[in-house]
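A quick write-up on the structure given underneath.
The values are calculated or read from the model by the stated rules, or taken from the named source; none is laboratory data. Remember, predicted model here, so these are calculated numbers, not experimental data. Using ideal geometry, Cβ is built from the backbone for each residue, glycine included, and neighbour counts are taken over all protein chains shown. Surface areas here come from the heavy atoms of the whole protein model, side chains and all, with no ligands, DNA or RNA. Shrake-Rupley method; radii C 1.70, N 1.55, O 1.52, S 1.80 Å.
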Amino acid sequence: MLIVTLAALLAPAPAATEPPCALDLIGTWKLVSITRQAPDGKRDDAPFGKRPSGMLIYTADGHTSVIISYDNRNPLSSDDRLAASVSEKAAAFDTSFGYAGRYTCSANRVVHHATTASVPNWAGTDMVRILRSADGKLTLSTPPLLVGGAASTWELTWERPK
């Protein structure tokens, strides 16, 4: 009994802030592709253009940050974003988004708990993603999300930057 008690006391304690699947996620991921599945079953393999860009970061202490931009975005007419025209700002907002916060996960699911976001409505929400990992790539799939008036599902594939 004493040996069991000593072994339990001497065993390293699990990190309290590290989500269960964190070891598979921790680090930086570069966006490879996005696919949209419409409610009618139609599949769009380039909803954000052929080469969207993005970065997803998971930290060991449970934080996440993501930014995604469409392919072929037009630059603003000024480096001063506030000096750009309303239509330029609207186009920039429509073609890029991001959020950050904490995350929790289990074996095949990660939940992003957004605390700040480019879309104000997302702050304070939970975003559920289904995880798949194969061939060094991470795929995150969404439940149906309302985008452009249709509740589509999305699949985002990520890889570690080289």
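Working only within region 109-124, note down all residues that are touching a residue at least 12 places away in the same chain (Cβ under 8 Å) and either closer than 17 Å to PRO144 by Cα or outside any loop (DSSP other than H, G, I, E, B) (or both).
Residues satisfying the conditions are ARG109, VAL110, VAL111, HIS112, HIS113, ALA114, THR115, THR116, ALA117, TRP122.
Please go through region 26-68 and pick out each residue that is of a type in the set (A, V, I, L, M) and not in a strand (DSSP E or B).
Residues satisfying the conditions are ILE26, ALA38, ALA46, ALA60.
With respect to ALA22, is the statement that it is open to solvent by 40 Å² or more (accessible area, probe 1.4 Å) and either at pLDDT below 90 or closer than 24 Å to TRP122 by Cβ (or both) true?
Working: open to solvent by 40 Å² or more (accessible area, probe 1.4 Å): no; either at pLDDT below 90 or closer than 24 Å to TRP122 by Cβ (or both): yes.
It is false that ALA22 is open to solvent by 40 Å² or more (accessible area, probe 1.4 Å) and either at pLDDT below 90 or closer than 24 Å to TRP122 by Cβ (or both).
So how many residues does region 110-130 have that are surrounded by fewer than 14 Cβ atoms within 10 Å (Cβ to Cβ) and within 21 Å of THR153 (Cβ to Cβ)?
So the count comes out to 4.
Any residue that is at pLDDT 95 or above and surrounded by fewer than 16 Cβ atoms within 10 Å (Cβ to Cβ) - is there at least one of those in region 64-71?
So in region 64-71, the residues at pLDDT 95 or above come out as 64-71.
From what is left, the residues that are surrounded by fewer than 16 Cβ atoms within 10 Å (Cβ to Cβ) are 71.
Yes; the residues of region 64-71 include at least one that is at pLDDT 95 or above and surrounded by fewer than 16 Cβ atoms within 10 Å (Cβ to Cβ).
Tally up the residues in region 79-88 that are assigned to a helix (DSSP H, G or I) and open to solvent by 80 Å² or more (accessible area, probe 1.4 Å), please.
Residues in region 79-88 being assigned to a helix (DSSP H, G or I) and open to solvent by 80 Å² or more (accessible area, probe 1.4 Å): 4 in total.
Exactly one condition in (1) under 22 Å from GLU159 (Cβ atoms); (2) buried (at least 16 other Cβ atoms within 10 Å of the Cβ); (3) small (Gly, Ala, Ser); (4) in contact with a Lys or Arg (Cβ under 9 Å, 6 or more places away or on another chain) is not met by ALA92; state its number.
(1)
With the requirement that a residue be at pLDDT 95 or above and either open to solvent by less than 50 Å² (accessible area, probe 1.4 Å) or within 14 Å of the chain's Cα centre (by Cα) (or both), what does region 33-46 give you?
SER33, ILE34, THR35, ALA46
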